[in-house]
Amino acid sequence: MSKKSASTGFRSYPTLFKGVKLPWLHILFSLIVNVLAVTLQIRTFTLTANIIDQAKMAIQIDSLTDYIVTLSLAGLLTILTYFADGWMEQTIDLRVRTRVWDQIMHLPAQYYDADNGKELISRVTSDVTAVSSLFLLIISMITGIYGIISVFIQLFSYQSQLASWALLILPMTLIFSMVYSLLTHKAGLLTNVHQARSLGYIAERVVNFRLIKSAVTEEEEKKQASAHFGKLYIADLLSGISVSTFQIWMSLFNIVFIVVSFAAGSRYLQDGSITSGRLIGFYSLSGVITLRLVNMLSSIGGFASVRGIMTKVVQLMSAETEDFSGPDLPDTGADLKLENVSFGYLPQVDILSDLS
């Protein structure tokens, strides 16, 4: 059987979305909530810096009230982001999974032999979630860029020279992003490929368990299972290494900002170009940059991983379906007529009574 060639690029993704009504209102709601949560988080740190400076004299009630309200709203919006993201993901998963299952039901029978049909289990279960993950990654990238720009604007308003030192972390981020995204892509692709094959192998063997017992092939199946599980082990190990690398880089971010904020910032504190409250606020906002950069790194690596999964789903959706064109089958029962028909397996009980 022939298949349409599916490109691994983003241009092939509309093939997957064809016939799927995407929940744009859910996506927009999730984006707005995430942007608002970042905005209030940044405002909380700036208000903290102002209160620390006011503590030398007398804290104004208006400032304290503003801080409490902003902190409460930031907490509520953080909780709401989990709900909004989850609602969006589950809605997309439901609609895409239904569309993929419909595609599987219309594939020709020879597709299952040519493309190892048992792996279709993962296509309709775990692989379809890559679509919602793609939208979540896009939202994460947008909010990350927005958060970093907003924080740097605030940092430059505190002390421009100190903020310039903080900008040095961006080239370091770019270098790490390339390495991290490549490692995550390789690990994610290996994990999903071997997981799909392992799930397909297990599903087939469980269904045919009686045949295995009757043929006494337990040892041979044990060898095959060990080979599948060994490859999955290596893929999971690579995924663990990528996570460890991610954690190390996150710690390096914190170290760099500690040095910039307090080692370099102490000089500006002495000459009065920055207050103690703003210096603490500078360090706190630097933590926001660390968090946003970490999320962006996850998104960059996630794009590479999701791309590999999406490719397999797009190839499935691009496959040629059965041709249902042609004349209608004749209605062989058109000349049959039933009039007052009663039927039952027992004389005293009728299943059908006076059917016409």
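Residue-wise HN-Hα couplings along the stretch 91-107, as the Karplus relation 6.51 cos²θ - 1.76 cosθ + 1.60 with θ = phi - 60° gives them from phi, are 5, 5, 4, 4, 6, 6, 4, 5, 5, 5, 4, 4, 5, 4, 5, 9, 6 Hz; Gly and Pro carry x. Local charge for GLY19 was computed over the other residues whose Cβ lies under 12 Å away, with Lys and Arg +1 and Asp and Glu -1, and equals +3. Computed packing ranks the peptides 223-235, 201-213 as 223-235, 201-213, most packed first, by mean other Cβ atoms within 10 Å.
Give, as a single signed number, the net charge of other residues whose beta carbon lies under 15 Å from the beta carbon of SER261, with Lys and Arg counted +1 and Asp and Glu -1. Don't jump to the answer; show the numbers that get you there.
On the way: positive: ARG267, ARG278; negative: none.
Here the charged neighbours net out to +2.
Sort the following peptides by mean Cβ neighbour count (other Cβ atoms within 10 Å, averaged over residues), highest first: 20-32, 91-103. Numbers along the way, then the final one.
Details: 20-32: 15.3, 91-103: 17.7.
For the peptides 20-32, 91-103, the packing ranking is 91-103, 20-32.
Using the reciprocal of the averaged 1/r over all distinct C-alpha pairs, how large is the Kirkwood radius of the stretch 207-254 in Å?
Details: mean 1/r = 0.0733 Å⁻¹.
After inverting the pairwise mean of 1/r, the radius is 13.6 Å.
Here the Karplus curve 6.51 cos²θ - 1.76 cosθ + 1.60, taken at θ = phi - 60°, turns the phi angles of the stretch 269-285 into couplings of 5, 5, 8, x, 7, 8, 8, 5, x, 5, 5, 5, x, 4, 5, 5, 5 Hz, with x standing for Gly and Pro.
Distant-in-sequence amide contacts of GLU320, defined by a placed amide H-H separation under 5 Å and a gap of 5 or more residues or a different chain, comprise LYS4. Amide H contacts under 5 Å for THR217: none, restricted to partners 5 or more places along the chain or on a different chain, H placed in the peptide plane at 1.01 Å from N.
Once backbone amide H atoms are built at 1.01 Å from N, GLN159 has no partners under 5 Å, excluding neighbours fewer than 5 places away on the same chain.
Between ILE121 and MET172, what is the FRET efficiency for a Förster distance of 30 Å, r being their Cβ-Cβ separation, to the nearest 0.05? The pair ILE121/MET172 has a calculated efficiency of 0.10.
Values in this text are rule-based calculations from the coordinates and carry no lab data. Given the structure is predicted, the values throughout are model-derived calculations rather than measurements. In this analysis, Cβ positions are derived from the backbone assuming ideal geometry, glycine residues included, and neighbour counts consider all displayed protein chains.
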